[in-house]
1. Among (1) in contact with a strand residue (DSSP E or B) (Cβ under 7 Å, 6 or more places away or on another chain); (2) more than 15 Å from ligand 1 (Cβ to nearest atom); (3) outside the structural domain of L74 (by TED's automatic domain parsing), there is one condition N285 misses while meeting the rest; what is its number?
2. List the residue pairs whose Cβ atoms are under 8 Å apart, where the first residue sits in the stretch 26-39 and is in the same structural domain as L97 (by TED's automatic domain parsing) and over 14 Å from N3 (Cα atoms), the second is at pLDDT below 95 and open to solvent by 10 Å² or more (accessible area, probe 1.4 Å), and the two are 6 or more positions apart or on different chains.
3. Do you know which residues across the stretch 219-246 are open to solvent by less than 10 Å² (accessible area, probe 1.4 Å) and charged (D, E, K, R)?
4. Here are some residues: I165, I127, I99, I195. Which one is assigned to a strand (DSSP E or B), of a type outside the set (K, R) and modelled with pLDDT of 95 or more?
5. When you look at G214, is it away from ligand 3 (no atom under 16 Å from the Cβ) and in a loop (DSSP other than H, G, I, E, B), yes or no?
6. Would you say V237 is of a type in the set (A, V, I, L, M, F, W, C) and in contact with a helix residue (DSSP H, G or I) (Cβ under 9 Å, 6 or more places away or on another chain)?
7. Working only within the stretch 13-48, note down all residues that are acidic (D, E), more than 7 Å from ligand 1 (Cβ to nearest atom) and not in a loop (DSSP other than H, G, I, E, B).
Amino acid sequence: MANTILIGAQWGDEGKGKIIDVLTERAQWVVRAQGGNNAGHTVEVGEDRFVLHLVPSGILHEGKKCVIGNGVVLDPVALVEEIKGVSERGISVAGRLFISDRAHVVFPYHRMLDAQGEARKIKGEQIGTTLRGIGPTYGDKASRFGLRMCDLVDPEFPALLRSRIEEKNRILSAMGAPVVDAETVLDSVREAMKILGPLVCDTVPLLFEAVRRGEEILFEGAQGVMLDIDFGTYPYVTSSNATSGGASTGSGVAPNRMDRVVGVLKAYTTRVGEGPFPTELFDENGEQLRKVGREFGATTGRPRRCGWFDAVVARHAVMTCGVDEWALTKLDVLDGFHTLKLCVAYELDGKRMEVFPANIREVARCMPVYEEMPGWRTPTTALTRFEELPAAAKRYLARIEEVTGVRIGILSVGPRRESTLMAGPRA
Ligand code: GDP
Ligand code: IMO
Ligand code: MG
């Protein structure tokens with residue numbers, strides 16, 4: 001049995017939700033270990049389309065158990081909405097969704113501070129956050145000022161929350177922003193806990209026993225390597241570890257219990273929000289990627305910035321996450337292109353760079369070194385086996401494997417479950 005960590009290998013939105021849905025077949029557990037409702041994971045099942053933000057995508061498979069781990073920051077009101085949304089569509093979470101009592105809670109003041117933080121920055125310094133309060137909540141966690149799910153059921157909770165709100169209101173007032181009414185927040189949390197209360201537990205022994213029984217766990221990464229707080233394009237990142245290490249610290253399942261890392265990689269690159277993006281396109285090719293790939297945010301609806309495939313980014317994921325195999329998605333979006341470009345390195349001040357620089361001002365000056373490859377100009381969505389791929393598509397995939405040093409084990413050629421090719425031995 002293998003415990004698998006699935007990570008996004010670029011700037012998020014690689015198609016993690018779809019790949020999780022495909023892999024859930026074999027797993028008993030699906031665990032979210034970082035991020036919050038800044039994530040938007042799309043799963044298409046038949047005619048149905050689900051966008052999940054906090055609930056693990058495994059919930060769509062009957063009988064599979066799902067965990068929201070300690071590393072997640074959780075907005076209780078948003079989670080209740082999401083649970084109601086899936087319940088209305090016939091999916092029950094009873095006995096299947098477990099929430100860590102150690103997960104930190106996102107309160108309205110976190111969202112307000114997120115918005116204030118963005119509004120007060122000068123143009124060019126805004127991060128373009130999802131405004132879900134993610135950064136301020138992780139900030140409070142690190143400052144040891146946060147409240148966790150276990151606190152919400154403690155008799156002391158009203159006093160704990162009131163003192164937090166008093167402090168945050170002082171900050172909000174100083175910013176000239178509206179303040180928060182403690183009693184309104186308390187009421188909304190009490191209301192949410194009617195639904196969430198029974199789901200909150202210590203998920204550490206739950207997962208420990210699952211591992212002991214040899215049950216398979218799938219860790220559903222959110223965001224992507226380049227948005228990781230340590231390894232991403234800091235400060236244009238999210239506030240958690242989206243690299244594979246986050247699966248362990250964010251769930252309590254020890255690193256030596258992890259067996260495999262699957263990196264989800266889009267056949268091209270996208271980014272939503274601000275920050276450097278070396279292969280970004282501002283021409284009709286970028287437009288074509290956005291249009292054909294329907295590159296609009298699943299959480300905020302913002303248009304995603306689009307660009308060519310970047311092997312420097314993919315290799316950064318390989319090094320920081322220990323990627324064993326790629327799940328390459330959205331190959332079908334490239335079906336209409338005459339010529340494709342693939343960035344194999346950067347050039348900075350006349351020097352070739354094979355690795356991603358830490359300094360974002362340097363990243364902003366990096367020029368992609370491109371290789372050109374012919375497109376295939378035939379539809380791939382209906383294909384079911386690797387062997388049926390057009391020769392030019394095979395060459396494109398083989399080149400990605402060569403320049404990243406990792407094999408493509410899963411290939412996605414459409415949003416639905418059926419549009420997935422599993423690699424056997426290949427010529
Ligand atoms: P996530 O955040 O990584 O789960 O990805 P998102 O759900 O935010 O964005 C991926 C989008 O691409 C969703 O609309 C998916 O339905 C869609 N998608 C996933 N895989 C494929 C694919 O192979 N081809 C096409 N055309 N769309 C895909
Ligand atoms: P999934 O899991 C793409 C981006 C935001 C912003 C930056 C910080 O669907 O791949 P935050 O609200 O986290 O403080 O925003 O990170 N971002 C994402 N981009 N996919 C996501 O999640 C993202 N979650 C956050 O756009 O640039
Ligand atoms: Mg997404």
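1. Here N285 meets the rest and fails (1).
2. N37/T299; N38/T299; A39/T299
3. If the condition is that a residue be open to solvent by less than 10 Å² (accessible area, probe 1.4 Å) and charged (D, E, K, R), then E220, D228 are the ones that fit.
4. Within the list I165, I127, I99, I195, the selection yields I99.
5. So G214 fits the description; yes.
6. yes
7. D21, D48
To keep it simple, each residue is scored yes or no on (1) touching a residue at least 40 places away in the same chain (Cβ under 8 Å); (2) in the same structural domain as E280 (by TED's automatic domain parsing); (3) not hydroxyl-bearing (S, T, Y).
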{"site": "Y370", "(1), (2), (3)": "yes, yes, no"}
{"site": "M373", "(1), (2), (3)": "no, yes, yes"}
{"site": "A382", "(1), (2), (3)": "no, yes, yes"}
{"site": "F386", "(1), (2), (3)": "yes, yes, yes"}
{"site": "P390", "(1), (2), (3)": "no, yes, yes"}
{"site": "K394", "(1), (2), (3)": "no, yes, yes"}
{"site": "P415", "(1), (2), (3)": "yes, yes, yes"}
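The values are calculated or read from the model by the stated rules, or taken from the named source; none is laboratory data. Computed from a predicted model, the values in this text were never measured in an experiment. Using ideal geometry, Cβ is built from the backbone for each residue, glycine included, and neighbour counts are taken over all protein chains shown. The protein model used for the area step is the full one, side chains on, heavy atoms only, and it has no ligands, DNA or RNA in it. Shrake-Rupley method; radii C 1.70, N 1.55, O 1.52, S 1.80 Å.
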